Amino acid sequence: MTSFSRYIVVFFFVLTGFVFPQLVNSDSLVWPKAPDKSRIKFLYSFSSKDDFGITKSFFEKLVDFFLGEEKEISHLERPQNIAINSRGELLITDIELKGIHFFNIEEKTYKFVKKWGKNLFNSPVGIAIDNEDDIFICDSGIKKIIVLDKGLNFKHVLKEGLIRPTSIKIENDSVYVSDTGANQIIVFNLEGKELQRIGGRGNAAGSFNFPVHLCLDNSKNPSTNSLYVVDAMNFRIQVLSKAGVFIKSFGRLGNSVGDFARPKGVALDSESNVYVVDALFDIVQIFDQTGQVLLAFGGSGSGKGNFYLPTDILIDNQDKIYIVDSGNRRIQVFQYLK
């Protein structure tokens, strides 16, 4: 029984006007507001290295002086997906700037990478890290999955010729990729050998209509040790075994609690609660394992705790929640309170 058990928040929505209003006083920065027990707390947001006081070292400034300073990129423009490596460094893809931001908040370092080998990224979207801290990037523009080592050296192209790879997740030596254009989930090994194709176009159980995001639940509970797929244009989350066998689904098109309009990212916290980002409603809805809504937070806007076209969500092993607030050009960070 999770900390959310017996705690169901009931919302009333007006069918005219904005469907999901701000759910809590913005000054409190917790959801839900008192007297109910708080479950989600806003921590901070950031959009550039300046937010952490990150500056160039003396040596970097000296190099700029002698070689001529290249126009520096230090801010998020159109962030898409987020990952975290073993050093706690946040990696954020940016399709407007056509590269990857690297923020190390603890060490106060930042860099921006726009090349793989001698080639430029075109439309980097999905990103994942393996056990060796190698970086796997879905570039939907060039229809390839590119692999860099932890030193940012180009290793190899894992796969090319995909239709529109968008999301990637890795478990041990298995690489799961959502090919949105093919309406399939494709599984490779770390060397790029194709192991399995899951799904195909349709609305039946186990079929997809533009799958855009993946999440692997690595809990020890076999009933939740599954693959979660944002089946975007079927307006649902499908839950499959990691072998691709359909288990369950929840969600539908609508404007009520538990419905979706433009579902994007999905993630699980340490208690297997399921978080789904909706880029049209500008909210995050939290579900239990039966598909029952537990809580929602957010709302349209640019203030703290508001969203504009959010695209991804990451929850780390400390239940810290990172939301890619793409339209607001920032990352917002929250904490799940048990």
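All of the numbers you see were taken from the coordinates with simple rules; none came from a lab. Bear in mind that the values here come from a model prediction, so they are computed numbers and not experimental data. With ideal geometry, Cβ positions are generated from the backbone for all residues, glycine too; neighbour counts draw on all protein chains shown.
Here is how the numbers come out for the structure above:
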quantity: Cβ-based exposure ranking for 149, 134, in which fewest neighbours within 10 Å come first; calculated: 149, 134
quantity: Rg over Rh [alpha-carbon atoms, Kirkwood Rh] for segment 30-336; calculated: 0.97
quantity: Length-normalised contact order for the chain - Cα pairs under 8 Å, 6+ apart - percent; calculated: 15
quantity: Cα-based equivalent ellipsoid of segment 75-170: semi-axis lengths in Å, sorted from largest, via gyration tensor; calculated: 19, 15, 12
quantity: Among 113, 276, 239: highest mean-square fluctuation, GNM of the chain, C-alpha pairs under 10 Å; calculated: 113
quantity: Average projection area in nm² (convex hull over Cα atoms of segment 143-228, one quarter of hull surface); calculated: 6.2
quantity: Computed [θ] at 222 nm, helices only, for the chain once each DSSP H run of length n ≥ 4 contributes -39500 (n - 2.57); calculated: -1000 deg cm²/dmol
